[in-house]
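For reference, the structure is listed below as structure tokens.
The values are calculated or read from the model by the stated rules, or taken from the named source; none is laboratory data. Note that the coordinates shown come from a computational prediction; the quantities given were computed from them, not determined experimentally. Cβ atoms come from the backbone with ideal geometry, glycine included; neighbour counts cover every protein chain shown. For accessibility, only protein heavy atoms count, side chains too; no ligands or nucleic acids. Shrake-Rupley method; radii C 1.70, N 1.55, O 1.52, S 1.80 Å.
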Amino acid sequence: MSKVVFFTDLNKLHDAISNFNIEGFAGKKTPVKLHMGEMKNPHYSPPDFVKMVVDEIKRFGAEPFLFDTTVAYPGLRSTKSGYEKLAKMHGFSKKKIGCDVVIGDTGVPITVENRVFDVATHLFESTHIVAVSHVKGHIQTGLGGAIKNFGMGGITRETKKRMHHGSRPVYTKDACTYCGVCAEMCPFDAIKVTKDKWSFSNRACFGCGVCVDVCKNKAIKHVDTDLQYLLVLAAYACLGGKNVLYINELRRMAGSCDCDPFPGPIIVPDIGFLVSTDPVAIDKASLDLINDVKENVLQKETGVDPSKQIKYGEEIGLGSASYQLIEL
């Protein structure tokens, strides 16, 4: 059973971190893995909070630097120079945070379950990592937390593309009843269904796999497998053998990701903060706390079961879904 510390007062951040043995971080160059926000998105973890985390781990002797990777879709964050510019616009600079800001776009291939994931070079080369994850809904995975922070955010843009391709639909005409549920639930309008025709736009599809989940007739399967399973494998590739401290922020939780310039309204009241050394446990605790406030709100909002990544994470040994919650 993994330990997860919960608190609402940021003045207790030091006490929360002190529950874990992080003396080994002393003298280690430590990436602080986080999402520094998409253009127009207001919900990402704010610089003031991130600076508190950076200052705190400095107290334990770590040598932190902020870190994230380039993305697979068009925009400023698709290149190092563009992301560096956007990060500075959002308040993430050495002057304001007190450490370097590094954007990665190269990787090292790691094989997990016979699939290759190019792990960001800076993460691969680090023995100690701090994760700052802003918890929210996600149009493709239901939940964005610690697992997704690495499962999508810790790998190269080419690996991101391969993962999305692997969860795209393969259609079997003979099994289809043309009910139209897949088209109704597709968040990208990539599927069209009439009374006797099923059509699919490869250009519009982003490989979330929702259509496979909702097809009761099994007329659709994945090119490879579920995106949330690939997410967990990628996270394992990033995190296996590492010493990691995870901090989840449960505030400003919208139905869509920090990658979305139009994430929609806040759907869950602010809850607080969690700290753990187990990515599965901290995401399970996050989801439990959210469900205690508004039952199944993320699944209702996104149409995706967010608990799958937690189940898969436990199955492959990424962490434990059983946890002890310690409230400060």
Next on the checklist: With both bridge residues required to lie in the chain, what share of the DSSP beta bridges run antiparallel, to the nearest 5%?
Outcome noted: 55
Item to check | Segment ASN202-LEU325, extension gain: residue separation times 0.36 nm, minus the distance between their alpha carbons | outcome: 39.9 nm
Item to check | Loop trypsin sites (Lys or Arg not before Pro), the stretch 30-96, which have at most 13 other Cβ atoms in a 10 Å radius of their Cβ (DSSP) | outcome: LYS40
Checklist entry - Cα centroids of the stretch 66-101 and the stretch 237-309: how far apart, whole angstrom? => result 22
Checklist entry - Got a number for carbon plus sulfur as a percent of the chain's accessible area, 1.4 Å probe? => result 50
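Let me spell out the model: positive unit charges on the Cβ of Lys and Arg, negative unit charges on the Cβ of Asp and Glu, origin at the Cα centre of the stretch 180-328. What dipole size does that give, in debye rounded to 20?
600
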Checklist entry - If you put +1 on each Lys and Arg Cβ and -1 on each Asp and Glu Cβ, how big is the dipole of the stretch 35-91 around its Cα centre, in Debye rounded to 20? => result 180
Checklist entry - When the C-alpha atoms of the chain are aligned to their principal axes, what extent does each axis show, in angstrom, from largest down? => result 65, 41, 37
Checklist entry - Measuring from a point 7 Å past the Cα of PHE262 along Cα-to-C-beta, which residues in the stretch 76-92 have an amide N at less than 18 Å? => result 76
Next on the checklist: Among the listed pairs LYS94/LYS161; LYS33/LYS96; LYS29/LYS94; LYS195/LYS221, which have their C-alpha atoms separated by more than 25 angstrom in this model?
Outcome noted: LYS94/LYS161
Item to check | Rounded, prolate or oblate (a/c below 1.5 giving rounded, otherwise prolate when a/b exceeds b/c) for the stretch 23-70 by Cα gyration tensor | outcome: oblate
Next on the checklist: Classify the stretch 1-93 from the C-alpha gyration tensor, please: rounded if a/c falls under 1.5, else prolate or oblate depending on whether a/b exceeds b/c.
Outcome noted: prolate
Checklist entry - Amide H neighbours of VAL102 under 5 Å, counting only residues 5+ apart in sequence or on other chains, H built in-plane at 1.01 Å? => result LEU66, PHE67, ASP68
Checklist outcome for this item: Checking the stretch 130-217 for chymotrypsin sites (Phe, Trp or Tyr not before Pro) in a loop per DSSP with at most 16 other beta-carbon atoms within 10 Å yields TYR178, PHE188
Next on the checklist: For a protection proxy built on the mean count of beta-carbon atoms within 10 angstrom, sort 256-264, 154-162 highest first, please.
Outcome noted: 154-162, 256-264
Checklist entry - Accessible area per residue of the chain at 1.4 Å probe, in Å²? => result 43
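Using 0.36 nm times the number of residues separating VAL108 and ASN217, minus their current alpha carbon distance, what extension gain do you get?
Length gained between VAL108 and ASN217: 35.3 nm.
What FRET efficiency, computed as 1/(1 + (r/R0)^6) with R0 = 35 Å and r the Cβ-Cβ distance, is obtained for ASP189 and LYS311, rounded to the nearest 0.05? Each step should come with its number before you reach the end.
On the way: r = 29 Å, r/R0 = 0.82.
Using R0 = 35 Å, I get an efficiency of 0.75.
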Item to check | Extended-chain gain in nm, criterion 0.36 nm per residue less alpha-carbon gap, TYR178 and SER81 | outcome: 30.3 nm
